[in-house]
1. Consider all pairwise Cα distances in the chain and report the whole-number % of them above 23 Å.
2. As an exercise, identify the chymotrypsin sites (Phe, Trp or Tyr not before Pro) in region 1-72 lying in DSSP coil whose Cβ has no more than 11 other Cβ atoms within 10 Å.
3. Taking all protein chains as present, what is the carbon and sulfur share of the accessible area of the chain, in % to the nearest whole number, probe 1.4 Å?
4. Lysine pairs in the chain 8 or more apart or on different chains: how many have alpha carbons under 22 angstrom apart?
5. Leaving out ligands and nucleic acids, and using a 1.4 Å probe, what accessible area per residue does region 1-102 come to in Å²?
6. For a distance above 14 Å, tell me the whole-number percent of Cα pairs in region 2-51 that qualify.
Amino acid sequence: MTTPLVIGASVASAAIGARYMIAAWQAFKARPPIPRVRRFYYGGFDNVMTRREAALILGVRESTVMEKIKEAHRRVMMANHPDAGGSHYLASKINEAKDVLTGGSKGGGSSAF
C-alpha cells in the first residue's frame with residue numbers, strides 16, 4: 001500500500017520540479033541581452049592623426065577641457081614612458097595626440113618605425 005503512495009509522491013515532485021525548471025528557463029531566455037563592450041580599439045594608427053584617434057589614445061572625449069587632456073596625457077605617458085620601459089614610438093604617438101587635442105600641432109604625421 002505504501003509503494004503506490006511513494007511512487008505518486010515521487011512523480012508529483014518530479015512534475016513540480018520540471019515545471020519550476022521550465023519557468024526558470026523561460027525567464028532566463030526572456031531577460032534583456034547584456035551589451036558587449038569592446039575594451040580595446042582594434043586597428044592601427046592612421047597616417048595623419050585625427051581628433052578622434054587622439055581622444056582614443058588619451059582616453060578622453062574629443063571635446064574635453066585642456067586640464068583633463070593634460071591630466072590624461074600625464075597618466076598615459078607615465079605608464080608608457082621610454083625611461084620606464086615603454087616604447088619610443090608609443091610615447092611619440094601620445095605626445096602627438098596631446099598636440100592634436102590641444103591645438104599645438106594639427107597631426108604632423110606619424111614617424112615610421
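1. Details: 3352 of 6328 pairs.
For the chain, the share of Cα pairs beyond 23 Å comes to 53 percent.
2. Details: sites: TYR20, TRP25, PHE28, PHE40, TYR41, TYR42, PHE45; in loops: PHE40, TYR41, TYR42, PHE45.
Those that pass, being in a loop and sparsely packed, are PHE40, TYR41, TYR42.
3. Working: 5460 of 9010 Å².
Of all accessible area on the chain, carbon and sulfur atoms account for 61 percent.
4. On the way: LYS68/LYS93; LYS68/LYS98; LYS68/LYS106; LYS70/LYS93; LYS70/LYS98; LYS70/LYS106; LYS93/LYS106; LYS98/LYS106.
Going through the chain pair by pair, I get 8.
5. For region 1-102, the per-residue accessible area is 81 Å².
6. Details: 922 of 1225 pairs.
Of the Cα pairs, 75 percent sit more than 14 Å apart.
The values are calculated or read from the model by the stated rules, or taken from the named source; none is laboratory data. The structure displayed is predicted, hence computed values, not measured ones. Here Cβ is always computed from backbone atoms with ideal geometry, including for glycine, and neighbour counts include all displayed protein chains. Heads up: the accessible areas ignore ligands, DNA and RNA and are worked out on the full protein's heavy atoms, side chains in. Shrake-Rupley method; radii C 1.70, N 1.55, O 1.52, S 1.80 Å.
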